[in-house]
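The values are calculated or read from the model by the stated rules, or taken from the named source; none is laboratory data. Note that this is a predicted model, so its numbers are computed, not measured. Because the Cβ atoms are built from the backbone with ideal geometry, glycine has one as well, and the counts that use them run over all protein chains shown. SASA here: full protein model, heavy atoms, side chains in, ligands and nucleic acids out. Shrake-Rupley method; radii C 1.70, N 1.55, O 1.52, S 1.80 Å.
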Amino acid sequence: EVERIFIIGVQDKIRSEALHSTQIPTIFLKPFSPKMIASTSLLLLCWSAATLTVVPSEAFSMQMNILATRSHHQFNSNRSEGNSRVIFGTAAIGQAEDPYGVLDAAFEKGVRRFDLARTYGQGMSEKVFGEWMESRNIDRRSVHIITKGGMGDDKYGDPLRPLLTRSCLMGEVEASLDTLKVDNVDMYMYHRDDPRIPVAQFVVWANEIIDDGKTFAWGVSNWSFERFQEAHEYATSEGYTPPTANSPQLSLAAPACEVWPTTYTVSGEEHKDQLDWYHQKGVELICWEVLAKGFMAVPDLWCEKTVDRSLFEKEVEVGTDEWRLQRIQRAYCNTENYRRRRNAVRVAEHHGMSLAQIAALYAMSVNPSVSIILGFLEPSQIDDVADLHHYFFDNSCVIGEGSDTGKDDDDAIIENILDLRTLKTDPLAFSKLPREVVSKIPVS
């Protein structure tokens, strides 16, 4: 009887909340009954397979919280074109020779998600994107807009920047919406954490932005796992909408140190438990510098013998080109990452792919919750990643034996990259694959 009442309640709630809404509901339920979950899942599947996702969560009781979130796994049919795990990063869009042309090419090739921020180009990314949408008469419902704020005039993540206030935050939100020429965004993110502010305050402010109809969901960028977990637990326990995304660094080139001030990474095996937690909670990881600022895109960039490590500790002016190069090379140019790059280059050559494609596939293979931000300055660059969602990738081929051996792994190039489209057209394809590879291919 409890199960029957619950299911009727789910059905009524969905009809009242979702039928006349562009938002994609996520149903959170406590898995105290396998039969209840199965019955509810079947009901939702029959009602609208394209728009509903059931996410079991021990953080919720029988009360449901229908969240206004449209992350990569929750797009409905009119937003499912192309690879929704590839997000167009606009940090440098103002530097493109033809910004509108690059955005046109991305849109035509199925890219629908765009990452912006108030600090990118001092508002330039939002300005260009907003003008592009207006000039092309882009239907607001056809794109997924992520923007970030909460840093004020700070460009580089200074931990001693002026303390964020509610009025400043709301002012930034309004400025972003005005510049983008939209009424709302799909996700608003705090661009940096500030440990001087309790997570409860961040949660309350973010929920106010949602309640005002200015964003459908909220997330954070560069928050440590511990702070994110604290914010998520506070929100769920107090009845607030929890954050549904975090944006850390992730790359095949694991940084040896903090890349930029007050940023965080999930690169490396030591973060596996954290990645599993995010996946279990239905939290998307929107990862940046997947190509390690070109280190994992250009095979001969910053060759090992040409990088002067004595400059890594040199005092340089913050914000200069020298400062940027120093931080990038200090983070990525190390023996282990050069070894990984050599492996990736060999795998790429073996499969007729580019180094950038292998690096992007690696990041997407780390965890199903990972989406990747890639910046494009030329239309041709989009071709490399437009079809990546069709591939299965066994990342052991580029990780190999590890840095403790100092060896490159010539025998690591196995059947490690599969175009899943061929498996659909060739019924015998699975019989040709090694058992250890088949066992890793996702059922979906």
TODO: Beyond 24 Å between alpha-carbons counts as too far, so tell me which of LYS127/LYS155; LYS272/LYS305; LYS181/LYS214; LYS155/LYS293; LYS109/LYS214 fall in that bin.
DONE: LYS272/LYS305; LYS109/LYS214
Task: Linear extension gain, TRP277 paired with GLU108, 0.36 nm per residue minus alpha-carbon span - done: 57.3 nm
TODO: Could I have the simple spin-label model distance between THR165 and ALA256, label points 7 Å from Cα toward Cβ, reported in nm to one decimal?
DONE: 4.4
Open item on the list: Is there a quick way to get the dipole size of segment 156-278? I mean about its Cα centre, with the Cβ of Lys and Arg at +1 and of Asp and Glu at -1; what is the value in debye to the nearest 20?
Closed with: 280
TODO: For segment 114-231, report the accessible area per residue in Å² (1.4 Å probe, heavy atoms, rounded to an integer).
DONE: 40
Task: Stretchable slack from ASN137 to ASP183, in nm (0.36 nm times residue separation minus alpha-carbon distance) - done: 15.0 nm
Task: Within-15-Å neighbourhood charge of ASP193 [Cβ basis; K, R +1; D, E -1] - done: -1
Task: Computed label-point distance, nm, for sites LYS314 and SER380 using a 7 Å Cα→Cβ extension - done: 3.3
- [ ] In nm, give the distance between the simple-model label positions of GLN95 and ARG324, each being 7 Å from the Cα along the Cα-to-Cβ direction.
- [x] 0.4
Task: Most positive-pole-ward Cα, PHE225, SER237, ALA206, against dipole of segment 169-240 from beta carbon charges - done: PHE225
